[in-house]
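Asks: Questions regarding the structure given below will be posed in turn.
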Amino acid sequence: MSLRELVAAVVAVWAGTSPFEAAAAVLAIAYVVLMIGQQRAAWIVGGISTAMYLYIFAVASLYMQAILQAYYVIISVYGWWAWRGADAGPPLAVTQAGWRVQAGGLLAVTSLSAATATWLAHETHSTDPYLDSLTTWASVFATWLATRKKIDNWVWWLAIDALIVVLGWKQKLYVAMIPYAAYVGLAVIGWRSWNADMKKSMTERAVGASA
């Protein structure tokens, strides 16, 4: 399929999509934009969007993705709490996860993905058990990193979002995959923005310590 045909297909599907799915896509992109700016409201917008996507993926028989959206709704509440400031003390600073955290996360993601993919393949009508499982468990870990303001979450999302675009394309969920395609670019922007903030904070702490 050529680029022109792809654009035409997406436009045609978008024109025929429901307002519900379109709203979910818009809110999903708004969530990432707010997250890049480290705005606490991102967790509210994200919670609403993921509740809508839970229904979308469940209807498409992507069970692990549907379960993931339920997790997102819950973790959004935690993210809203974790990012509080004011009377609770200074807001979280952007930091980098250590290699032990990364290695542990990678081991857990691969192990859980293999287990759930095998179960889905034998016990359900999941349309893509392996990719569905991998993107689900990786997203669980990446979201936890985000709640702790670990800059590494953007690297995980870059890979995850690219895989979800493939998953959505295979299931012909063209509208649902639009925000995920945008996320690929936004993940790069997010990493650059958080990296600049992290370096600034490190410099300020160094200056303060030497004063």
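The values are calculated or read from the model by the stated rules, or taken from the named source; none is laboratory data. Quantities reported herein were computed from a predicted structural model and do not represent experimental measurements. Backbone-built Cβ (ideal geometry, glycine too); neighbour counts: all protein chains shown.
Asks: Taking the residues in segment 46-67 that are outside any helix (DSSP H, G or I) and on the phi < 0 side of the Ramachandran plot as candidates, determine which candidate is nearest to the chain's Cα centre (by Cα).
Replies: L62
Asks: Another question, then. Hey, does segment 160-179 have a residue that's more than 16 Å from T95 (Cα to Cα), touching a residue at least 40 places away in the same chain (Cβ under 8 Å), hydroxyl-bearing (S, T, Y) and surrounded by 22 or more Cβ atoms within 10 Å (Cβ to Cβ)?
Replies: Checked against the condition, which is being more than 16 Å from T95 (Cα to Cα), touching a residue at least 40 places away in the same chain (Cβ under 8 Å), hydroxyl-bearing (S, T, Y) and surrounded by 22 or more Cβ atoms within 10 Å (Cβ to Cβ), segment 160-179 yields no hits at all.
Asks: Turning to a different aspect of this structure: Take L62 and tell me if it is modelled with pLDDT under 90 and either of a type outside the set (D, E, K, R) or surrounded by fewer than 20 Cβ atoms within 10 Å (Cβ to Cβ) (or both). Break it down into steps so the answer makes sense when it comes.
Replies: Working: modelled with pLDDT under 90: yes; either of a type outside the set (D, E, K, R) or surrounded by fewer than 20 Cβ atoms within 10 Å (Cβ to Cβ) (or both): yes.
Answer is yes for this residue.
Asks: Could you check segment 111-148 and list, in sequence order, the residues that are without any contact (Cβ under 8 Å) to a residue 24 or more places away in the chain and either polar (S, T, N, Q) or crowded, with 19+ Cβ neighbours inside 10 Å (or both)?
Replies: S111, A117, T118, A142
Asks: Looking at D161, D152, D197, can you tell me which residue is touching a Leu at 6+ places or on another chain (Cβ under 8 Å) and acidic (D, E)? Explain how you work it out, then say what you get.
Replies: Details: D161 fails: touching a Leu at 6+ places or on another chain (Cβ under 8 Å); D197 fails: touching a Leu at 6+ places or on another chain (Cβ under 8 Å).
It is D152.
Asks: Consider segment 82-107. How many of its residues are modelled with pLDDT of 90 or more and in a helix (DSSP H, G or I)?
Replies: Qualifying residue count for the region: 9.
Asks: Would you point out which residue out of R192, R205 is of a type in the set (D, E, K, R), assigned to a helix (DSSP H, G or I) and at pLDDT 90 or above? Spell out how you get there, then give the answer.
Replies: Working: R205 fails: at pLDDT 90 or above.
So the residue among R192, R205 that is of a type in the set (D, E, K, R), assigned to a helix (DSSP H, G or I) and at pLDDT 90 or above is R192.
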